[in-house]
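The values are calculated or read from the model by the stated rules, or taken from the named source; none is laboratory data. Note that the structure is a prediction, hence the values are computed from the model and not measured. Cβ placement follows ideal geometry from the backbone for every residue including glycine, while neighbour counts extend to all protein chains displayed.
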Amino acid sequence: MKDEELLARITIDPQVMVGKPVIRGTRLTVDYVLNLMAHGATTTEIIMEYGDLTEADIQACFLFGMEA
């Protein structure tokens with residue numbers, strides 16, 4: 001998947017989570033997902049906990065974090 005396609009999964013809206021970047025269609029912030037990973041959660045565990053997420057959503061969080 002191209003970078004642009006991944007980054008399209010991340011949105012910023014001042015009326016959602018005070019304008020923090022979130023995964024499109026959710027209220028899960030990029031920093032929350034990255035924090036879960038930093039504390040040892042695996043991609044599989046996060047997807048199981050938040051069933052609407054995909055592996056590409058988590059990849060998008062990493063890419064967004066790298067470009068921020």
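Determine which single condition Glu4 fails, assuming it passes every other condition in (1) surrounded by 10 or more Cβ atoms within 10 Å (Cβ to Cβ); (2) modelled with pLDDT of 95 or more.
Glu4 satisfies all of (1) surrounded by 10 or more Cβ atoms within 10 Å (Cβ to Cβ); (2) modelled with pLDDT of 95 or more except (1).
How many residues are within 15 Å of Gly65 (Cβ to Cβ), assigned to a helix (DSSP H, G or I) and among the hydroxyl-bearing types (Ser, Thr, Tyr) if we restrict to the stretch 8-51?
Qualifying residue count, the stretch 8-51: 2.
Could you check how many residues of the stretch 14-25 are more than 18 Å from Leu63 (Cα to Cα) and surrounded by 12 or more Cβ atoms within 10 Å (Cβ to Cβ)?
2
Name the single residue, out of those in the stretch 52-64 being among the charged types (D, E, K, R) and part of a helix (DSSP H, G or I), that is farthest from Leu6 (Cα to Cα).
Step one: of the stretch 52-64, the residues among the charged types (D, E, K, R) are 52, 55, 57.
Those still in the list that are part of a helix (DSSP H, G or I) too: 55, 57.
Working: Glu55: 10, Asp57: 7 Å.
Here the residue is Glu55.
Taking the stretch 32-59, which residues are among the charged types (D, E, K, R) and crowded, with 17+ Cβ neighbours inside 10 Å?
Within the stretch 32-59, just Asp57 meets the criteria.
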